[in-house]
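Comments concern the structure below.
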Amino acid sequence: MEDYYDYLGAKTARFANETPVLSGASICSLKRFIPKEEMEKDRCESFKYHTKNHPYYEDFTFFDCIETAARKIFGEFRSAEDRMYKMNILGYEWVRSVMEQFRRRPDFSSGNIFWMYNDCWPAIGWSMVDY
């Protein structure tokens, strides 16, 4: 995934009416609804439960997608808190990359609307701002 920036840059649309944000919730929010001992596990069930596609599929969930992208872009997780941080910051990197790609091509692209700016319950999903 070293070339993700170039890959996203090649996908500019004329107008994007839905741009999701692939991101985990902030550490502060996660600590409010996930018990500390569970956050330190490799496969946190509460974390998965609060992911937007609950009930989730066992083989590859939305949580797995966020976790995999965060690991491939930012490197292996050093701790549970590092995992949460990298999954959250993935959203900021995603938005930065998408916005830059649209701004680089003003002659081609006329707009972009972010979909799911905020979530209404403690969730890990497509939003930029959690509840």
- Note on the structure: Taking region 47-93 and the residues there that are hydroxyl-bearing (Ser, Thr, Tyr) and modelled with pLDDT of 75 or more, the one that is nearest to Glu2 (Cα to Cα) would be Thr68
- Message: Taking the condition of being part of a strand (DSSP E or B) and either of a type in the set (Phe, Trp, Tyr) or surrounded by 14 or more Cβ atoms within 10 Å (Cβ to Cβ) (or both), how many residues in region 1-37 meet it?
- Response: 3
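The values are calculated or read from the model by the stated rules, or taken from the named source; none is laboratory data. Everything quoted here is computed from the prediction, not taken from an experiment. With ideal geometry, Cβ positions are generated from the backbone for all residues, glycine too; neighbour counts draw on all protein chains shown.
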